[in-house]
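To keep things clear, I will list the structure first and then write my remarks on it.
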Amino acid sequence: MFIATCVLQQRAAEIRNLNPDWSSYLQAQIISQDVFDFINAYDVTDAKNQFLNDNRAQSAKTFFSILDRISMKSNIQYILVLIDDLLTENRSRVEIFHEYALKKNEPVCEKFLNLLNAEDGFINKISAQIIAKIACYSTDLIDQIDLQFYLSWINKQLLSANNEYMHSLARCLQMLLRRDEYRTAFISVNGISTLLSLLSGRVNFQIQYQLIFCVWAMTFNPSLAEQINKFNVIPILADILNDSVIEKVTRIILAVFRNLIEKPEDNTISIEHCIAMVRCKVLKQLSIFEQRKFNDEDIVEDIQFLNEHLQASVQDFSSFDGYETEVKSGQLEWSPVHRSVQFWQENAPRLNEKNHELLRILMHLLETSKDPLVLCVASFDIGEYLKHYPRGKLIIEQLGGKHLFMQLLSHDNPNVRYEALLVVQKLMVHNWLYLSRQLEKEQGTSKDRTTNITETP
């Protein structure tokens, strides 16, 4: 499937049929006799493994010498395909290049890194694939500076519009991120944001699978599994899970979710991930999956595992931890916790914790969100905070709340204006409870407020 859909592999199949004339390079003294003898013999032998074992030093010298000395695009492509093929056939052959680079006292990936700047798309993409194999198959790590350059290059290429080599670029990351040593480096070049940006857009299911595989590989690192939802991984993957009809995409998303619960060493973060999944309707999707028959045992096990943990977390959904997770996610909705008088009686003062962290987040949402539902819920929560923590009036004013709510009074959405007006009343007068009841009575909105807000798009 990968070979059939990958432009790089299709082009490589064509290039293998080329028959370069190496004699012209020998006659022009561009390549030496030993390089000529090796490449001619290698092209025709059927026993390539034995031939490479018998000529280890000469093999690397030949390939690098040709890449250094020739400029014809088709012949460079041919040599790169030979190198890529020999690494694919036998991973241990990567040591041939390491031995030669050590002898020459130069980085093993240097020549291939230079080729990333080639104008020809095939040359730079197959060079990237060779680098990934060297990095993945070798016992030695590639140089950190080279690694940073390589990962930054891949990031840039992935974000290029209509990149026909997307399959092979994602494949490079799939290989590289199998090694834990490279995962942190990928985070440092903003790689996870790139993956999620692509997944948030329109990509075909094969690319979806490959990119989510990369996310899955990252979550095997406990530290990264704890941090990764800061990039909004769970909501994005939950949306894809809801729409996906491809089993392998479903399988890899469930595997990511399982890792986000299993791998973190901090149990509170695992609980936060569970709550976030519940909020994103993953539990509902799991119940749908339970009605389907999957032949893949891993899917069945993951569904059972996630069901058990998400069901257990439902009781925490209306707790302060659940509320905190919801606010930090920025995806507010009319969940039961917002309407609970008991919740606000017990927890209103806790919005002052960590230098009013949650209040500041609510204010930020009111200032930046375009979603009327988020604006309504955030306004309502601040109103409940003021109701159950009267001294909060000064805090809200210090955070710029009065000016913000005055602006919301002219919002296009009537529900947003209504919630903002209630908060302004609580900020500006002491007898806010009496006036808000009078307002509801006069406008006749008390009985249908829930209906109106529920209908908000």
Which residue pairs have Cβ atoms closer than 8 Å, lie 6 or more positions apart in sequence or on different chains, and pair a first residue in the stretch 45-56 that is modelled with pLDDT under 90 with a second residue that is open to solvent by 80 Å² or more (accessible area, probe 1.4 Å) and assigned to a helix (DSSP H, G or I)? Lys48/Glu89; Asn49/Glu89; Arg56/Glu99
Sort out which residues of the stretch 63-108 are open to solvent by 20 Å² or more (accessible area, probe 1.4 Å), outside any helix (DSSP H, G or I) and either more than 24 Å from Gln10 (Cβ to Cβ) or β-branched (Val, Ile, Thr) (or both), and write them in order of number. Ser71, Asn105, Glu106, Pro107
Only residues that are basic (Lys, Arg), part of a helix (DSSP H, G or I) and surrounded by fewer than 15 Cβ atoms within 10 Å (Cβ to Cβ): list them for the stretch 264-309, please. Lys284
Please specify each residue of the stretch 113-124 satisfying the condition of being farther than 21 Å from Pro20 by Cα and open to solvent by less than 50 Å² (accessible area, probe 1.4 Å). Leu113, Leu116
Of everything in the stretch 413-441 that's more than 20 Å from Trp334 (Cβ to Cβ) and at pLDDT 60 or above, which residue is most open to solvent (accessible area, probe 1.4 Å)? Lys441
Checking the structure you have, find out if any residue of the stretch 350-357 is at pLDDT 90 or above, assigned to a helix (DSSP H, G or I) and either touching a Gly at 6+ places or on another chain (Cβ under 8 Å) or open to solvent by less than 10 Å² (accessible area, probe 1.4 Å) (or both). yes
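The values are calculated or read from the model by the stated rules, or taken from the named source; none is laboratory data. Since we're looking at a predicted model, the values are computed, not measured. With ideal geometry, Cβ positions are generated from the backbone for all residues, glycine too; neighbour counts draw on all protein chains shown. The accessibility values were calculated without ligands, DNA or RNA, using every heavy atom of the protein model including side chains. Shrake-Rupley method; radii C 1.70, N 1.55, O 1.52, S 1.80 Å.
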